[in-house]
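Asks: Once you've had a glance at the structure underneath, I'll fire off some questions.
The values are calculated or read from the model by the stated rules, or taken from the named source; none is laboratory data. All figures in this text were calculated on a predicted structure; none of them were measured in a lab. Every residue, glycine among them, receives a Cβ derived from its backbone with ideal geometry; neighbour counts consider all protein chains shown. Accessible surface is based on the protein model in full, side chains and every heavy atom, while ligands, DNA and RNA are left aside. Shrake-Rupley method; radii C 1.70, N 1.55, O 1.52, S 1.80 Å.
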Amino acid sequence: MKKPAILLLSSLLVLGGCDQKEESKEKTETKEKSDEKVNTNKVQFKNDTVVIEDGYYTIKEVFILNDKDTNKKNIVFKILATNKTDKNISPSTLFMATTSIFQDDENTETKLDPSISANEDDYKEWKEHTHDNIKKGKEAKGIMTYELKSKNDVIVKFRQGISGKNLGEKKYKLSDLKEVDYSMKQ
């Protein structure tokens, strides 16, 4: 009687160990993908980085900004942009030339319009150079804000320039994003 119990217990331990190894392996693979270095000489969208011939940017943070006075909500993208050329490129022009923001609803994909973000002091280091030209080989922070039209998830489509080829897309569940309240009356 003891031998079958010991065999059963041993089998469960071995199988349990396999499950833990699989979970650990999956977590490691996911971490490796997100830590994987992006080739900034190859046009692509990978690991929250959009690369085109003239420059690239990485999305550093995405969150929801709630206007307590108007009850309007904005989705905010903090980006770090780099210019690879002598062309006049700012974080905002690079983002807007390669990115379209939508909310999906029953009948349409509603394109979101850029909006003005609040709390100048709270985001000063991100807003300060959003519209300034970046020198060749240098980088600058930028912040981009879009007014939400509904409570539906946001779809971000990335492309190679305004009418260029599709580089990919990413969906943001609003319920998963951090929310920050602000008031213009403060």
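Asks: With 29 Å as the limit, write out which pairs from LYS78/LYS135; LYS141/LYS165; LYS73/LYS138; LYS87/LYS173; LYS37/LYS73 have Cα-Cα distances beyond it, or answer none.
Replies: Result: LYS73/LYS138; LYS87/LYS173; LYS37/LYS73 exceed 29 Å.
Asks: Mind listing the phi-derived Karplus ³J(HN,Hα) values for region 101-116, rounded to whole Hz, using 6.51, -1.76 and 1.60 with θ = phi - 60°, and x for any glycine or proline?
Replies: 10, 10, 10, 8, 10, 4, 10, 9, 9, 8, 6, 8, 9, x, 9, 8
Asks: Once both labels are modelled 7 Å past Cα along the beta-carbon direction, what's the LYS37-SER163 spacing in nm?
Replies: 3.7
Asks: Along Cα→Cβ, 7 Å out, is where each label goes; now give me the distance between the ones at ASN107 and LYS178 in nm to one decimal.
Replies: Label at ASN107, label at LYS178, 3.8 nm between them.
Asks: So how strong a dipole does region 26-175 carry about its Cα centre when Lys and Arg Cβ are +1 and Asp and Glu Cβ are -1, to the nearest 20 debye? Display every interim value, and only then the final one.
Replies: Working: 28 positive and 27 negative charges, 82 e Å.
Value, rounded to 20: 400 debye.
Asks: Please list, in chain and number order, the residues 5+ apart from VAL180 or on another chain whose amide H is under 5 Å from its amide H, with Hs placed from the backbone.
Replies: Answer set, sorted by chain and number: ILE64, LEU65, ASN66.
Asks: Still on this model: Run the 1.4 Å probe and let me know the accessible area of ASP69, rounded to the nearest 10 Å².
Replies: 60
Asks: Considering every pair of different Cα atoms, what Kirkwood radius, in Å, is found for region 80-186? Provide the component values of the computation, followed by the final result.
Replies: On the way: mean 1/r = 0.0648 Å⁻¹.
Computed over region 80-186, the radius equals 15.4 Å.
Asks: So, one more: Could you give the Stokes-Einstein D for region 70-124 in µm² per second, using the C-alpha Kirkwood radius, 10 °C, 1.306 mPa s?
Replies: Reported coefficient: 114 µm²/s.
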